[in-house]
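Read the structure below first, then the notes.
The values are calculated or read from the model by the stated rules, or taken from the named source; none is laboratory data. All values reported here derive from a predicted model rather than from experimental measurement. Ideal geometry is used to build each Cβ from the backbone, glycine not excepted, and the neighbour counts take in all protein chains shown.
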Amino acid sequence: MRALAPTYRDDTVPPDLPPPLPEPDRDDIRLEKVFAVLAEPLRLTIVRRLLTESENYDHACGWFGFDRPKSTLTHHFKALREAGVIRQRQYGLERRSRVRLDDLDARFPGLVDLVLGWTP
């Protein structure tokens, strides 16, 4: 059984969410692109932390506490979004992220469980 944060069990969308940034439609998410972005350890860590440690609906880059330049983190989050792994929304000056759990489960059953089973 999947050990996800309560946020992912309850997909209640908070009111007044900003629209998501451009991302592929569910049917356009490609396995080779997902594998390519998850092959980078920092990106895999980002996704795993969103799945296991997330208490809020979505999170800004600063929540992760990575000691990396903002431009580097922006690049990694953009790669995850463009591959269809995460959804991002713009809140003023910050972007917040959330795993596209339902879309990934529908397209590639078992993939999220593999990410959850990964030990950094």
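Overview of results
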read-out: Matching helices (runs of 4 or more DSSP H) fully within segment 26-120 where at least 2 residues are touching a residue at least 40 places away in the same chain (Cβ under 8 Å) and within 29 Å of PRO15 (Cα to Cα); value: 41-52, 70-83, 101-107, 111-117
read-out: Single residue of HIS59, HIS76 found to be of a type outside the set (Phe, Trp, Tyr) and over 20 Å from LEU111 (Cβ atoms); value: HIS59
read-out: Condition broken by LEU38, with the remaining ones in (1) closer than 28 Å to GLY92 by Cβ; (2) surrounded by 19 or more Cβ atoms within 10 Å (Cβ to Cβ) satisfied; value: (1)
read-out: Of all residues making up segment 104-120, the number that are touching an Asp or Glu at 6+ places or on another chain (Cβ under 9 Å) and under 18 Å from ASP58 (Cα atoms); value: 1
read-out: Hey, ARG95 within 13 Å of the chain's Cα centre (by Cα) and at pLDDT below 95 or not; value: yes
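This table checks each residue for (1) touching a helix residue (DSSP H, G or I) at 6+ places or on another chain (Cβ under 6 Å); (2) exposed (fewer than 13 other Cβ atoms within 10 Å of the Cβ).
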position	(1), (2)
ARG81	no, no
TYR91	no, yes
ARG95	no, no
LEU104	yes, no
ARG107	no, no
